[in-house]
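A.B. asks: Below: one structure in structure tokens.
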Amino acid sequence: MGAVRTHLWFPERGHEAAQFYASVIPNSRITSVVAAPPGVPDVPEGEPFVVELDLDGHAVTILTAGPAFRLDEAFSLYLVVDTQDEVDHYWEALTADGGEPGQCGWLKDRFGVSWQVVPRMLDELWDRPDAAGVQRAMQVMLGQKKLEIAPLEAAYAGS
């Protein structure tokens, strides 16, 4: 059986993005950098062209290959965390220096990659037995940008 990995096409700055992700996400590292050979359109010879990244156990390939394709919100990296402090930390790190907050825990980092920063409790909340509580929590979530655990729990509880 083959291996599934994420492959991202960056118009520019792919190596810089990989360095940033490896510095922000624990247990992450760049595993390979391949320089552009002669003749690659839109990429100077010798510049980082293909970067392999282990993103906390998830294999990611970043190709820096010019403006032919653009990243958009149709694809996102889903980052599950345990606490509100972790939500806050990753939200701040990933939106820093030109990133953009989105709705319902989504954001776009300064390189144009979409992320979802999601507390683990939210994935668990959807399976709880009180359907009305789940619906109340869903309504609160739809009004949030960065996800806030306390209001989601309060909505589920009906308070």
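A.B. asks: Here are some conditions: (1) within 13 Å of the chain's Cα centre (by Cα); (2) open to solvent by less than 70 Å² (accessible area, probe 1.4 Å). W106 meets all but one. Which one does it not meet?
C.D. replies: (2)
A.B. asks: How many of the residues making up the stretch 140-159 are exposed (fewer than 10 other Cβ atoms within 10 Å of the Cβ) and either in contact with a Ser or Thr (Cβ under 8 Å, 6 or more places away or on another chain) or not in a loop (DSSP other than H, G, I, E, B) (or both)?
C.D. replies: Here the count works out to 2.
A.B. asks: Report whether or not E100 is modelled with pLDDT of 95 or more and open to solvent by 30 Å² or more (accessible area, probe 1.4 Å).
C.D. replies: Yes; evaluated as a whole, the condition is true for this residue.
A.B. asks: Here is a check on your reading of the model: is A93 in a loop (DSSP other than H, G, I, E, B) and either at pLDDT 95 or above or in contact with a strand residue (DSSP E or B) (Cβ under 9 Å, 6 or more places away or on another chain) (or both)?
C.D. replies: On the way: in a loop (DSSP other than H, G, I, E, B): no; either at pLDDT 95 or above or in contact with a strand residue (DSSP E or B) (Cβ under 9 Å, 6 or more places away or on another chain) (or both): yes.
Spelling it out, it is not the case that A93 is in a loop (DSSP other than H, G, I, E, B) and either at pLDDT 95 or above or in contact with a strand residue (DSSP E or B) (Cβ under 9 Å, 6 or more places away or on another chain) (or both).
A.B. asks: Exactly one of these conditions fails for F20: (1) touching an Asp or Glu at 6+ places or on another chain (Cβ under 9 Å); (2) more than 17 Å from G112 (Cβ to Cβ). Give me its number.
C.D. replies: Of (1) touching an Asp or Glu at 6+ places or on another chain (Cβ under 9 Å); (2) more than 17 Å from G112 (Cβ to Cβ), only one is false for F20: (2).
A.B. asks: Being open to solvent by less than 80 Å² (accessible area, probe 1.4 Å), hydroxyl-bearing (S, T, Y) and either within 19 Å of K108 (Cβ to Cβ) or without any contact (Cβ under 8 Å) to a residue 24 or more places away in the chain (or both) is true for just one of S23, S76, S28. Which residue is that?
C.D. replies: Details: S23 fails: open to solvent by less than 80 Å² (accessible area, probe 1.4 Å); S28 fails: either within 19 Å of K108 (Cβ to Cβ) or without any contact (Cβ under 8 Å) to a residue 24 or more places away in the chain (or both).
Every option except S76 fails the conditions.
A.B. asks: Name, by its number, the condition in (1) open to solvent by 70 Å² or more (accessible area, probe 1.4 Å); (2) modelled with pLDDT under 95 that does not hold for D123.
C.D. replies: Here D123 meets the rest and fails (1).
A.B. asks: F69 - would you say it is of a type in the set (F, W, Y), surrounded by 12 or more Cβ atoms within 10 Å (Cβ to Cβ) and modelled with pLDDT under 95? Step through it out loud before you land on a result.
C.D. replies: Details: of a type in the set (F, W, Y): yes; surrounded by 12 or more Cβ atoms within 10 Å (Cβ to Cβ): yes; modelled with pLDDT under 95: yes.
So F69 passes the test.
A.B. asks: Looking for whichever is open to solvent by 90 Å² or more (accessible area, probe 1.4 Å), in contact (Cβ under 8 Å) with a residue 12 or more places away in the chain and over 28 Å from V81 (Cβ atoms) here; the options are P41, P37, P11, P48. Which one fits? Walk me through it before giving the result.
C.D. replies: On the way: P37 fails: open to solvent by 90 Å² or more (accessible area, probe 1.4 Å); P11 fails: open to solvent by 90 Å² or more (accessible area, probe 1.4 Å); P48 fails: open to solvent by 90 Å² or more (accessible area, probe 1.4 Å).
After ruling out the rest, the residue left standing is P41.
The values are calculated or read from the model by the stated rules, or taken from the named source; none is laboratory data. In this text, all values refer to a predicted model and were calculated from it rather than measured experimentally. Every residue, glycine among them, receives a Cβ derived from its backbone with ideal geometry; neighbour counts consider all protein chains shown. The area values use the complete protein model at the heavy-atom level, side chains included, leaving out ligands, DNA and RNA. Shrake-Rupley method; radii C 1.70, N 1.55, O 1.52, S 1.80 Å.
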